[in-house]
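Heads up, the thing below is written out as structure tokens.
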Amino acid sequence: MATDFECLKWNTTSFKPSNVLDQTEYTLALKPSHWLNLKTKGHSIKLSYLGLTQRLASLDNLNNLYVYDWSRADLKTIKTKYEHNSKLTNLTSNSLGNQIVTCSDNGKIQIWNHKLSSWKILAEFRGHYQCVRNVQYSVDNNYLISCSNDKTFKIWDCQCNKFLASNMFHRNWVNIAKFFKEDKLVVSCSRDSYVQIFDCCSGKCVAKYNLSPDFAESLSLKEEFSIAVGTNQGSVQIFDLRALKVLQKYNEHTSQVNCVQFQHKTPCLVSVSKDKKLNVYDTNEGRFLYSIDHFNEIRSMNISLDDKLLATTSFHFENEITLWTTETL
């Protein structure tokens, strides 16, 4: 498919062999070590490290929000409950770690401040008329992108607290959408089986991938061109934005992939699934590395920005979050 703007043009970048790991300080090419368990009241459904701080935010199925802080000798937990009739569906944080955003099944989006051992809603956005499934910050933290069962994703200005744009190109629920390439593009995944790439300047769809009869449940982006998706039927697929085709496909999972994420400084990719497994792949060599079995379905996981820590749910118990330390080479 031809594209009509410069930032998608092929360049001279090529894949590097896995010896790049030899210069990497922290990597998941080696199995991580179990480090710390964090307790929750309900079942954790979303995890997010708060920037480069030693803190982790969590959302459970009972509308409880937590921030765990292990920067000092004693573990500190800040907790609040979203006291509304609606149910929170997802959570994310900005790259600075000073704000948390949640979304709910009544179409609302909330921006939280959690300083001074307390939680406070700073702003609330209303525009979706059905459940909001996911929300993400832009790279510069100035914008939010939300996606919903109303078949749209919407962009919001966090500085002025106002709605900016809406997209209605999908024909079914939009599961996840993220900014890409310095916020010039948006990548979105829907139950209509399409992964679509939009130009933020023109608002046009410039590329799309069809996963039919499958569809993407989760999404991760790497550097300038790599797009990884985890699907409803259990596959992990990696696309190259320059080649506009699938470069790698892994079928190690036997059930829905709930979350997929690239490690930030290495070619490792991590996926977690309903089949109770955490899988790690080397995307440079295109091979599966290893699995870590969990007690139950792994609903969420997250890798810290410095790659030192990995967080997963349901390793030993349902109401527990496990932190893992990655190894050095």
Note on the stretch 287-326: contact order normalised by length, alpha-carbon pairs under 8 Å, 6 or more apart, percent, works out to 34
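Give the relative contact order (percent, whole number) for the stretch 42-154; include only Cα pairs under 8 Å separated by 6+ residues.
Numbers: 275 pairs, mean separation 19.7, N = 113.
Rounded, it is 17 percent for the stretch 42-154.
List, in the order given, every pair from Lys151/Lys276; Lys181/Lys204; Lys222/Lys265; Lys46/Lys108 whose Cα-Cα distance in the structure shown is over 19 Å.
Numbers: Lys151/Lys276 29 Å; Lys181/Lys204 16 Å; Lys222/Lys265 10 Å; Lys46/Lys108 17 Å.
Among Lys151/Lys276; Lys181/Lys204; Lys222/Lys265; Lys46/Lys108, the Cα-Cα distance tops 19 Å for Lys151/Lys276.
Starting from the Cα-Cα distance between Phe295 and Lys41, subtract it from 0.36 nm times their residue separation and give me the gain in nm to one decimal. Numbers along the way, then the final one.
Numbers: separation 254, 0.36 × 254 = 91.44 nm, distance 1.70 nm.
Fully extending the segment from Phe295 to Lys41 adds 89.7 nm.
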What number comes out for accessible area per residue over the stretch 146-197 if the probe is 1.4 Å? Units Å², please. 40
Under the Karplus relation with 6.51, -1.76 and 1.60 and θ = phi - 60°, whole-Hz ³J(HN,Hα) for the stretch 181-188, x at Gly and Pro, equal 6, 6, 6, 7, 10, 10, 10, 10
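To the nearest 20 debye, what charge dipole does the chain have about its Cα centre, counting +1 at the Cβ of each Lys and Arg and -1 at the Cβ of each Asp and Glu?
Numbers: 38 positive and 33 negative charges, 146 e Å.
Taking the Cα centre of the chain as origin, the dipole is about 700 debye.
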For the stretch 212-254, with all protein chains present and a 1.4 Å probe, just round the carbon and sulfur fraction of the accessible area to a whole percent. 39
Packing-based order for 306-316, 119-129, using average beta carbon neighbours within 10 Å, highest first: 306-316, 119-129
Using the Karplus curve 6.51 cos²θ - 1.76 cosθ + 1.60 with θ = phi - 60°, work out ³J(HN,Hα) for each residue of the stretch 33-41 in order, rounded to whole Hz, and write x for Gly and Pro. 9, 5, 10, 8, 10, 10, 8, 10, 6
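What's the carbon and sulfur percent of the stretch 37-102's accessible surface, probe 1.4 angstrom, rounded to a whole number? It would help to have the intermediate numbers written out before the result.
Numbers: 1360 of 2940 Å².
After summing per-atom areas, the C and S share lands at 46 percent.
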Shape call for the stretch 222-328 from the C-alpha gyration tensor, a ≥ b ≥ c root eigenvalues: rounded (a/c under 1.5), prolate (a/b greater than b/c) or oblate? oblate
Determine the per residue accessible area of the stretch 30-141 with all protein chains present and a 1.4 angstrom probe, expressed in square angstrom. 48
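Looking at the square roots a ≥ b ≥ c of the eigenvalues of the Cα gyration tensor of the stretch 224-267, which shape do they give, rounded for a/c under 1.5, prolate if a/b is larger than b/c, or oblate?
Taking the square roots of the gyration eigenvalues as a ≥ b ≥ c, the stretch 224-267 is oblate.
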List the residues whose amide H sits under 5 Å from the amide H of Cys200, counting only those 5 or more places along or on another chain, with H placed 1.01 Å from N in the peptide plane. Leu185, Val186
The chain: relative contact order from alpha carbon pairs under 8 Å, six or more residues apart, as a whole percent, is 17
To the nearest 20 debye, what is the magnitude of the charge dipole of the stretch 46-155 about its Cα centre, counting +1 on the Cβ of each Lys and Arg and -1 on the Cβ of each Asp and Glu? 60
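The values are calculated or read from the model by the stated rules, or taken from the named source; none is laboratory data. Note that the structure is a prediction, hence the values are computed from the model and not measured. All Cβ positions, glycine included, derive from the backbone under ideal geometry; neighbour counts span all protein chains shown. Just so you know, the surface numbers come from the protein's heavy atoms only, side chains and all, with ligands and any DNA or RNA stripped out. Shrake-Rupley method; radii C 1.70, N 1.55, O 1.52, S 1.80 Å.
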